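Step one of this worksheet: look at the structure below.
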Amino acid sequence: MATLVEIVPYDRDWPRLFVEIEKNLRELFGCRVFAIDHVGSTSIPGMPAKPLIDIDITLCGLSDVPAASRALIRSGYQPRGNRYDDDVWAFMLHESGPKQRVYLCPPENETHKRRLVFRNYLRAHEDAAMAYASLKQQLAKQFPYDGDRYTAEKSRFIDEIVNRARAV
């Protein structure tokens with residue numbers, strides 16, 4: 001069954017919820033974690049977003065992925081596979097409030113680096129953030145039950161922002 005692409009107004013609780021989730025994840029993984037980053041639209045102040053917290057967990061090494069995956073699954077996260085074909089492993093937690101999408105990333109992973117570049121650029125450039133918010137809302141209306149198409153249609157904008165940020 002197709003799921004509605006739901007975009008909600010920015011929630012000022014998202015940063016606080018991330019901090020709580022991060023604490024729990026650090027306890028779960030211990031010394032396997034190099035960094036935990038709040039990524040995605042909920043990490044950008046004022047940005048309307050899907051009501052789920054996106055989190056990148058950079059592990060100390062690629063060899064930590066199997067044990068970290070098992071720990072997430074034991075904690076109720078559902079595995080979603082290697083989404084970007086670059087050793088980034090996705091997991092979803094639906095039962096929590098809000099929902100969580102966690103990505104396990106090896107060190108120096110390009111997908112993770114791009115997410116941070118994009119997030120940081122939108123945090124620093126309100127005009128780009130407003131354009132992205134408008135695009136997301138337009139695409140959610142255009143593809144209300146096609147999350148894959150919604151995501152794919154954002155790719156060109158994201159690529160342009162990442163390229164612009166890296167050119168500076």
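Summary table
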read-out: Derived scalar couplings ³J(HN,Hα) [the stretch 33-42; Karplus, 6.51 cos²θ - 1.76 cosθ + 1.60; whole Hz; x for Gly, Pro]; value: 8, 8, 7, 10, 10, 7, 10, x, 5, 5
read-out: Fewest-first ranking of Arg114, Arg83, using other Cβ atoms within 10 Å as the exposure measure; value: Arg83, Arg114
read-out: Loop sites in the stretch 101-153: chymotrypsin sites (Phe, Trp or Tyr not before Pro), DSSP, at most 13 other Cβ within 10 Å; value: Tyr145
read-out: Angstrom value of the Kirkwood radius, inverse mean 1/r, which spans all Cα pairs in the chain; value: 16.5 Å
read-out: Residues whose placed amide H lies under 5 Å from that of Val39, excluding near-sequence neighbours; value: Asp54, Ile55, Asp56
read-out: Amide H contacts under 5 Å for Lys99, placed H, 5+ residues apart; value: Ile53
read-out: Residue-wise HN-Hα coupling along the stretch 15-25, computed from phi with Karplus coefficients 6.51, -1.76, 1.60 (Hz; x: Gly, Pro); value: x, 5, 4, 4, 4, 5, 5, 4, 4, 5, 5
read-out: Centroid-to-centroid separation of the stretch 108-136 and the stretch 1-19 [C-alpha atoms, Å]; value: 17 Å
read-out: Overall form of the stretch 25-91 per C-alpha gyration tensor (a/c, 1.5; a/b vs b/c); value: prolate
read-out: Fewest-first sequence of Ser155, Ser75, Ser43 by Cβ atoms within 10 Å of each Cβ; value: Ser155, Ser75, Ser43
read-out: Karplus-derived 3J(HN,Hα), 6.51/-1.76/1.60, for each residue of the stretch 131-142, Hz, glycine and proline x; value: 5, 5, 4, 4, 4, 4, 5, 4, 5, 5, 6, 6
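All of the numbers you see were taken from the coordinates with simple rules; none came from a lab. Everything numeric in this text was worked out from a predicted model, so none of it was measured. Ideal geometry is used to build each Cβ from the backbone, glycine not excepted, and the neighbour counts take in all protein chains shown.
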